[in-house]
Amino acid sequence: MEQCAAKLNLDVEYREKVPNDETSIDVMDELIDNGCKIIICDSYSYEEWELEVAKEHPEVYFLHASGTKQNKNMATFFGRMYQIRYLCGIIAGMQTDTDEIGYVAAFPIEEVNRGINAFTLGVKSVNPQAKVYVSWSMSWEDDEAVADAAYRLLDIDVVTTHSDSLKAIDIASGRGLWTIGYNYDNSDKYGDKYLAAAVWDWGDFYEQRILECLQGRFQGVNY
């Protein structure tokens, strides 16, 4: 976003660790009161509340990552992360010695399920005997819940994750297991046992959509 903001001369306000509940409405209303004309929510769980605010503020544009509902002034978007999950699965399938691989996942929703399926297909493409074991945290960022999910994975030698918490990677690394991350390259933190990471880069997409807002060409569709 920083590169996009610089290129388009934008002022950007950030709000982090916003609860995935009705209180997110207050945060969005605050941003609008501060003069923000484009609101971007980057988690599946904000959809209901963002749509409500969008309907109340037709003069503001809204973008929602991984959502399924649109409005005239609200678009949803996601990327083909399953393709990168497939590649990560190939790495895991080639690395494992036990043929047992762990996957700590947040919620059984579309974006998570297709990532698990793609990762497993990648594993199977190079190691048909390997198995992928899924452990659900039922949270994106709760460290304790993610830790509990990670501890349920035993007798494996490769762990990957789909959450916003690093706890699964922390625990796996502490056991000397191979790890594959998500969202950010943390190889400098975890060293040689950190194999890869599936990382987003939304810069080009944001630039296109924000230009459409500025030029009055916005479409409330799913990208």
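Details
- Surface accessible to a 1.4 Å probe, per residue, for the residues of the range 85-156, Å²: 49
- Prolate/oblate/rounded call for the chain, Cα gyration tensor, a/c under 1.5 rounded: prolate
- Listed peptides 45-58, 25-38 by packing density, highest first (mean Cβ within 10 Å): 45-58, 25-38
- Two-site label geometry, LEU211 and ASN71: point separation in nm, points 7 Å out along Cα→Cβ: 2.7
- The apolar share of the surface of the range 134-197, taken as the fraction of accessible area on carbon and sulfur atoms (1.4 Å probe, ligands and nucleic acids excluded), comes to 46 percent.
- The chain: relative contact order in percent, alpha carbon pairs under 8 Å with at least 6 residues between: 18
- Net charge dipole size for the range 1-43 [Lys, Arg +1 and Asp, Glu -1 on Cβ; Debye, nearest 20]: 280
- The count of lysine pairs in the chain with alpha-carbon distances below 30 Å, taking only pairs 8 or more places apart or on different chains, stands at 25.
- Mean-position separation - Cα centroids, the range 144-212 and the range 97-130, in angstrom: 14
- Value at 222 nm in deg cm²/dmol, rounded to 500, when DSSP H runs of n ≥ 4 in the chain each add -39,500 (n - 2.57): -12000 deg cm²/dmol
- 0 to 90° range, to nearest 10: angle between helix 24-33 axis and the chain longest Cα axis: 40
- Extended-chain gain in nm, criterion 0.36 nm per residue less alpha-carbon gap, LYS17 and TYR184: 58.4 nm
- Where a label projected 7 Å from the Cα of ASP42 along Cα→Cβ would reach, residues of the range 169-202 with amide N under 16 Å: 182-186, 198-202
The values are calculated or read from the model by the stated rules, or taken from the named source; none is laboratory data. Just so we're clear, the structure is a prediction, and the values are computed from it rather than from any experiment. As a convention, Cβ positions derive from the backbone with ideal geometry for all residues, glycine included, and neighbour counts pool all protein chains shown. For accessibility, only protein heavy atoms count, side chains too; no ligands or nucleic acids. Shrake-Rupley method; radii C 1.70, N 1.55, O 1.52, S 1.80 Å.
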